[in-house]
Amino acid sequence: MDDKRYIQRLISEGEHQQQDFKYKVEDAVKLAKSVSAFANTDGGRLLIGVRDDGHMSGVRDEEEIYMMHQAAYRYCRPQASIKFDTYHVAPQETTGGGRKMRTIVVATVPPSDRRPVCAIGNDGRQRAYIRIADENIVASPVHLAIWREAQNPQGAMMTYTDMVRKLMDSLQGQRLTLNQVVRRSAIPRHKVVTLLARLIRFHIAQWEYDDQQFLFSLY
């Protein structure tokens with residue numbers, strides 16, 4: 001398959017859980033958010049030089065390619081694994097009858113086994129993102145707790161204590177935000193975060209993202 005057909009096939013999929021379009025790279029910090037989101041979720045690819053409507057505008061110069069590398073290696077902690085592939089396509093006829101070449105860069109980010117991969121913002125703070133549909137969302141404290149426990153070589157145990165019972169009672173038949181769980185259960189926030197993470201890991205509880213907020217419930 002030639003470069004043009006391959007890129008057109010990717011563009012025809014639109015933006016989704018594992019694909020994002022970037023018209024141009026003006027800010028490595030913003031690009032790092034997408035890298036973080038893909039690395040912390042299912043992996044994915046960035047089509048750089050493609051507008052939101054699928055038009056191939058192309059990468060303008062080497063500075064943009066440099067910023068892509070900066071996003072992965074300078075503005076992500078730990079450094080994200082990322083592979084860059086360059087494609088040259090001729091999406092339109094020029095006035096002289098020839099074809100005006102466009103350079104499209106496909107940046108492929110695999111899911112990380114060292115989560116969370118955080119993006120470093122302009123304020124110097126590190127934030128982890130996850131990919132939900134076609135959006136990059138700041139990860140919740142519960143996600144951070146799940147990843148922390150996953151890095152524990154001794155694994156995690158789930159004991160049915162009075163505190164766990166109170167937490168599960170507060171979730172019974174409910175879809176609650178983290179703050180609502182804390183209020184209903186009357187359990188300190190840091191303990192709620194840890195217990196929710198364990199309940200989710202053991203497939204007793206679940207999370208979803210709805211109306212721009214994370215909601216927690218029992219299976």
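At full extension, residue 8 and residue 86 could sit 26.7 nm farther apart than now, given 0.36 nm per residue minus the alpha carbon distance.
Distances between placed amide hydrogens fall under 5 Å for residue 102 paired with 89, 90, all partners being 5 or more residues away or on another chain.
With the Cα gyration tensor of region 92-219 giving a ≥ b ≥ c as the square roots of its eigenvalues, does the rule (a/c under 1.5 for rounded; else a/b larger than b/c for prolate; else oblate) give rounded, prolate or oblate? Here region 92-219 falls in the prolate category. Note on region 1-94: Rg/Rh from Cα positions, Kirkwood definition for Rh, rounded to two decimals, is 0.96.
State which entries of 33/83; 30/100; 22/83; 24/100 exceed 26 angstrom in Cα-Cα distance in the structure shown. Too far apart for the 26 Å limit: 30/100. Only Cα pairs under 8 Å and 6+ residues apart enter the sum, and on that basis the relative contact order of the chain stands at 19 percent.
Under the classification rounded if a/c is under 1.5, otherwise prolate if a/b is larger than b/c and oblate if not, where does region 147-213 fall, given a ≥ b ≥ c as square roots of the Cα gyration tensor eigenvalues?
Oblate, because a/c is 1.5 or more while a/b does not exceed b/c.
Taking the 1.4 Å solvent-accessible surface of region 2-79 as the whole, the part contributed by carbon and sulfur is 41%.
In the context of the full set of protein chains, residues of the chain present 54 Å² of accessible surface per residue (probe radius 1.4 Å, heavy atoms only).
The candidate values were [x] 14.6; [y] 11.4; [z] 14.0; the one computed from these coordinates for mean projected area of the Cα convex hull in nm² carries the label [x]. When you count the other C-beta atoms within 10 angstrom of each residue and take the mean per peptide, 137-147, 57-67 line up highest first as 137-147, 57-67.
The values are calculated or read from the model by the stated rules, or taken from the named source; none is laboratory data. Note that this is a predicted model, so its numbers are computed, not measured. As a convention, Cβ positions derive from the backbone with ideal geometry for all residues, glycine included, and neighbour counts pool all protein chains shown. Side chains included, ligands, DNA and RNA excluded: accessible areas come from the protein's heavy atoms. Shrake-Rupley method; radii C 1.70, N 1.55, O 1.52, S 1.80 Å.
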